[in-house]
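Enquirer: Pasting in a structure now, in structure tokens, and then I'll have a few things to ask.
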Amino acid sequence: MILQPRLLVFFTLMLMVLRLSAAPSVAPTPLPALIYGSAWYPEQWPEAEWDADLERMQAAGMNMVRIGEFAWSTIEPAEGRYELDWMERAVAAAAKRGMVTIIGTPTDTPPAWMTTKYPEILRVDETGVRLQHGSRRHFSIGSEKYRELCRAVVEKLADRFGKNPHVVAWQIGNELTEDSFDPESRGRFHRWLEKRYGTLDALNQQWMTAYWSQTYTEWSQVPMTTGRANPGLLLDHKRFVTDTWLDFQRNQIDVLRARVDPRQVITTNLGGLGWANKFNRQQISADYDVISWDEYLGSGWFDKTKNGTGHLDPLRSGATHDLVRGWKQKNFWVMEMPPGFVDWGSVSNSLDRGETRAMAWHAVGHGADCIAFWQWRSALNGQEQYHGSLVGPDGEPVPVYAEAAQTGRDFAKAAPVLAGTEPRSDVAVIHDYDSRWAIEFNPFSNRYDQMQILIDYYRALREPTQAVDIVTPAMDLSRYKLVVAPSLNVVSPRLAARLGDYVRAGGHLVLGPRTGMKTESNALSRERQPGALLENVGARVEQFYALLEAVPVAGAWGEGKATVWAEPLGRLAPDVEVTLRYGAGNDWLTGEPAAVRRQLGKGTITYLGAVLDSTFMDQVALGWLKDAGIATNAKISAPDGVKISRRVGANREVFVITNFSKGAQEIVLPGAMTDVLAGGEVTVAKLPRYGVAVLTRPLT
Ligand code: GLA
């Protein structure tokens, strides 16, 4: 029987569909408990070389590659012409080598055809210069056209990879950083202000624009500036930038949520060494399933200021991890760290041998469930040729590869033990973006380094407890026995009420200098400091003084010095106890209360009006911890330079010990523990310099 040609085609098609539907669909690869990998750029290399790279990654114990975040011109070589087959082959090639894929949306680098056809999408800097093609971050977050183009490419990627069994996560853009001053963004700012204030009268009133005749009669008259401007405007501009980034990311996140398999995680990698505050990172983090950051050193914090060493400062690094973890109060990912060195430091020195591995483990101890290097292999040309990598231009491993491979072996052993564990803390330090901005806009004293002050509080609390969270006031505070707010400058009545409730319910709250000076509009509070918290504290700040010389302080907490800032306090209620007074040295202060405490409901509220010297700070913090019923004899005592972090799971605790001291160390353990990396039971951890120990025991 001769079948009609059309019938023949029909049966062939049917057969194919049946075979396809019968084809066993590949089960999605689960997210590794401990993700380990690097940034890989297949679009930069001949496909024939991919597998050699992937094989070496596999040999280094890696289980993840991140691709695509800078690949727009390869993904969409011309408007509307999308080429994704190469990417699918790269994902499959990585899977063949046992690695899952994180796809970065390519929106940090719009292609040349796009910026040429739509110049309005280009970012304009504050001097009014519109950027040109040739680098990255040259897009405007305020451009509607750019959002449309971003949505289109993310839709394509989501449709293609949203169900891919080897794709486990998406990274929105890359290191959200620069806002724009283009006309469209200015228009958005004016509409944002109108939405926030409703009327110009309200804005003029809140910003007190009668001052210097700043009064606005049109919304469009309001300048968009970060210079010396009205504090209300400056603070609102930061909030506007945050909201604009929220819009920008939701423009992509919504597309993904609507299309991709819910098992695929959505994150973004925040840069700026963690502490950058161009926008409110806690609010930005709220949209994501997990937040990631890129831990680097050699510049910024560690370089431009006096304390640059070119090597990891474990205290600051730990504080930064705890800041990042605090954005969502859950474990986070380190999406980028340098394989030995960067290329943008004033001196891009290499970390010491062993330091990269210790840095990775240090992050895991603080709650990182992913460690990834930037980058696997330097592009042969481009702006980052010198940057550290794991293999050279020839594709052969460079010296630090061996250390990365050792870390890979470590992680393979430790992942099952670390799975489902996280750091837990009874104490939180408040890092409030509004307050930080308000003080940054007007520091009043360049000796008042609010980040150094925060780190001082953090150190004094972290050393004895080995676990501190850093959170914004918006987070859930009820889980903490002690909350310490070093520089809570902006306090709204709503926040004051929340903090009051926290204390009455049994919490112990410590407020530092400069608390409650400002309202939400960054205006001076009509109430003396602590402003909206005055009633709760029961004392007020008579005046604030920036100090040129330190002044002695003494009292129930002991003796020390007020170093850069001092506020004499006035008691307003009889149940307020003075715990510190100023000694002689400044006639405005001598004998005046420097710190007060009060029982409020089941808890206590303390106001410290002085910045204390570090040694005394340690002593005072021990008192706060004791009063709050928090153990100060950490489970494992650490010699100087040895960092100990504890992660807790349902039935076990895991200690991650990293030795950043100059020499070998022996750490006596409070009983036998399982040595996860070396095997066996140990009662002493012997660590060479940069040595790492991962120890576990059941929870008792
Ligand atoms: C950042 C970026 C990477 C790369 C590295 C270099 O964090 O995300 O693309 O430029 O820095 O250190």
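Enquirer: Across every pair of different alpha-carbon atoms, what Kirkwood hydrodynamic radius in Å does region 426-518 reach?
Expert: 13.5 Å
Enquirer: I would also like to ask the following. Could you list 580, 622, 176 in order of exposure, starting from the residue whose Cβ has the fewest other Cβ atoms within 10 Å?
Expert: Fewest-to-most ranking of 580, 622, 176: 622, 176, 580.
Enquirer: Average the reciprocal distances over every distinct pair of alpha-carbons in region 139-250, invert the result, and give the Kirkwood radius in Å.
Expert: Over region 139-250, the inverse of the mean reciprocal pair distance is 16.1 Å.
Enquirer: Helix-derived [θ] at 222 nm for the chain: sum -39500 (n - 2.57) over DSSP H runs of at least 4, divide by residue count, nearest 500?
Expert: It comes out at -10000 deg cm²/dmol, rounded to the nearest 500.
Enquirer: Right, here's the next one. Report the convex hull volume per residue for region 53-119, counting only C-alpha atoms, in Å³.
Expert: Taking only Cα atoms, region 53-119 has a hull volume of 78 Å³ per residue.
Enquirer: Placing +1 at every Lys and Arg Cβ and -1 at every Asp and Glu Cβ, with all other atoms neutral, what dipole size does the chain have around its Cα centre, in debye to the nearest 20?
Expert: That gives the chain a dipole magnitude of about 1360 debye.
Enquirer: Determine one quarter of the surface area of the Cα convex hull of region 495-536, which equals its mean projected area, and express it in nm² to one decimal.
Expert: Computed as one quarter of the Cα hull surface, the answer is 2.9 nm².
Enquirer: Highest mean first, what order results for 381-388, 157-164 on Cβ atoms within 10 Å?
Expert: In descending order of packing, they fall as 157-164, 381-388.
Enquirer: Hey, can you list the DSSP H helices of the chain whose Cα span along the axis is 24 Å or longer and whose average Kyte-Doolittle score is at least 0.5?
Expert: The answer, listed by residue number, is 5-22.
Enquirer: Over the alpha-carbon set of region 536-613, work out the extent along each principal axis and list the three values in angstrom, largest first.
Expert: Largest first, region 536-613 extends 38, 23, 17 Å along its Cα principal axes.
Enquirer: Using a 10 Å cut-off on Cβ atoms, rank the peptides 83-93, 142-152 from the highest mean neighbour count down.
Expert: Ranking, from highest mean packing down: 142-152, 83-93.
Enquirer: Further question on the same structure: Of 328/518; 413/481; 328/643; 481/518; 328/481; 195/330, which pairs sit farther than 29 Å apart, going by alpha carbon to alpha carbon?
Expert: Too far apart for the 29 Å limit: 413/481; 195/330.
Enquirer: Using mean Cβ contacts within 10 Å as the protection proxy, how do 370-378, 248-256 order, highest first?
Expert: Descending packing order for the listed peptides: 370-378, 248-256.
Enquirer: Then there is this: Percent of Cα-Cα pairs per 5 Å bin, from 0 to the last occupied bin, for region 79-161, please list those.
Expert: Reading upward from the zero bin: 3, 13, 22, 19, 15, 11, 8, 5, 2, 1.
Enquirer: Please report Rg (one decimal) and Dmax (integer) in Å for the Cα set of the chain.
Expert: My reading of the Cα-based Rg and Dmax gives 27.6, 114 Å.
Enquirer: Give the aspartates and glutamates reachable from residue 686 as a straight Cα distance under 13 Å; neighbours fewer than 8 places away on the same chain don't count.
Expert: The qualifying aspartates and glutamates are 666, 675.
Enquirer: Among the trypsin sites (Lys or Arg not before Pro) in region 572-610, which ones are in a DSSP loop with at most 13 other Cβ atoms within 10 Å of the Cβ? Mind listing them?
Expert: 602
Enquirer: Report the Stokes-Einstein translational diffusion coefficient (µm² s⁻¹, integer) for region 386-469, Rh taken as the Kirkwood radius over Cα pairs, at 25 °C with viscosity 0.890 mPa s.
Expert: Answer from the Stokes-Einstein relation: 141 µm²/s.
Enquirer: Got a sec? How would 265, 427 order by Cβ neighbour count within 10 Å, fewest to most?
Expert: In increasing order of surrounding Cβ atoms, one gets 265, 427.
Enquirer: Please work out how much length the chain gains when fully extended from residue 413 to residue 52, using 0.36 nm per residue of separation minus the C-alpha to C-alpha distance, in nm with one decimal.
Expert: Difference between extended and current length: 127.5 nm.
Enquirer: Can I ask one more? What is the spread of the Cα atoms of region 575-700 along each of their three principal axes, largest first, in whole Å?
Expert: Cα extents, longest axis first: 62, 38, 17 Å.
Enquirer: As a test of understanding, state the convex hull volume per residue of region 194-310 from its alpha carbons, in Å³.
Expert: Measuring per residue, one finds 139 Å³ for the Cα hull of region 194-310.
Enquirer: Roughly what % of DSSP beta bridges within the chain run antiparallel, to the nearest 5?
Expert: 55 percent
Enquirer: Which of the lysines could a cross-linker bridge to residue 117, judged by Cα under 20 Å and excluding same-chain residues fewer than eight apart?
Expert: Hits, sequence-local ones excluded: 145.
Enquirer: Could you compute the FRET efficiency for residue 83 and residue 668, with r as their C-beta to C-beta distance and R0 at 56 Å, rounded to 0.05?
Expert: 0.40
Enquirer: Also: With N residues in region 334-458, what two-decimal value do you get for its Cα radius of gyration over 2.2 N^0.38 Å?
Expert: Ratio of Rg to 2.2 N^0.38 Å for region 334-458: 1.37.
Enquirer: Cα atoms only, region 419-578: Rg and Dmax in Å?
Expert: For region 419-578, the Cα-based Rg and Dmax read 15.8, 52 Å.
None of the figures in this text is laboratory data; all of them are computed from the coordinates on show. Since the structure is predicted, the reported quantities are computational estimates derived from the model, not experimental observations. Quick reminder, even Gly has a Cβ in these numbers, built from the backbone with ideal geometry, and neighbours come from all protein chains shown.
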